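Participant: Dumping the structure here so I can ask a few things about it.
The values are calculated or read from the model by the stated rules, or taken from the named source; none is laboratory data. This is a predicted model, so every value here is computed, not measured. Every residue, glycine as well, gets a Cβ built from its backbone with ideal geometry; the counts of neighbours run over all protein chains shown.
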Amino acid sequence: MVGRGRPRDAGVEGRVLDAAMTEMRARGYDGMSVDRVAERAGVAKTTIYRRWPSKAELVVAMIAGLRSAVPFEPSGDARRDLTELVTGIAATLEAIPTTLVADLTAAAAREPRVGDSVRALWGARHAAVAAIIAQAQSDGLLLAHADPGVVVDQLVGPLYYRLLITGEPIDPAYVRALVLSTLGPEKKS
């Protein structure tokens, strides 16, 4: 079957999403406009609206692009996996301007589609961390009665607290300290 119209330019989506990220960083969610995103990306506004019917949908696509920013393959070593995954989450948060995280959080509270996307973004990571916590429990590294969901909150919540409230770094040393305080010191065989 032959498609109608011109074929889509594969580079357009990347340019638009990059422009949207730049606009979010510069102006926040409320100040971001599809007009400025289109201008920055060098495309017509209609090109954006054909792909994403609203600003919220555009931001949802931008957030979806962040999902792959923390690649992770479990090794079976719960301590190492937990450290690696939480370090990846911390690195992603450190790479994004604090104001962008705050704006996305606020937009997620106001815009249901943005909120759904943010929850999906972190839901996958939450599930990965919870699976590692369950492995740590079965390996005897963590008390069996500990709720994996609560432990995940205890590990990831401090990253947001430092990023949004105290401004202290969330570097690999801090992540190691979080994992150490969760799992305790490594037992010598």
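Participant: Only residues that are at pLDDT 85 or above and closer than 26 Å to Ser181 by Cα: list them for segment 90-107, please.
Facilitator: Listed by number, the residues that qualify are Ala90, Ala91.
Participant: Another question about this same structure. How about segment 143-153: which of its residues are closer than 14 Å to Ile89 by Cα and either surrounded by 19 or more Cβ atoms within 10 Å (Cβ to Cβ) or of a type outside the set (D, E, K, R) (or both)?
Facilitator: Val152
Participant: Among the listed residues Thr47, Thr92, Thr99, identify the single one that is in contact (Cβ under 8 Å) with a residue 40 or more places away in the chain and either at negative phi or crowded, with 17+ Cβ neighbours inside 10 Å (or both).
Facilitator: That would be Thr99, the only listed residue that is in contact (Cβ under 8 Å) with a residue 40 or more places away in the chain and either at negative phi or crowded, with 17+ Cβ neighbours inside 10 Å (or both).
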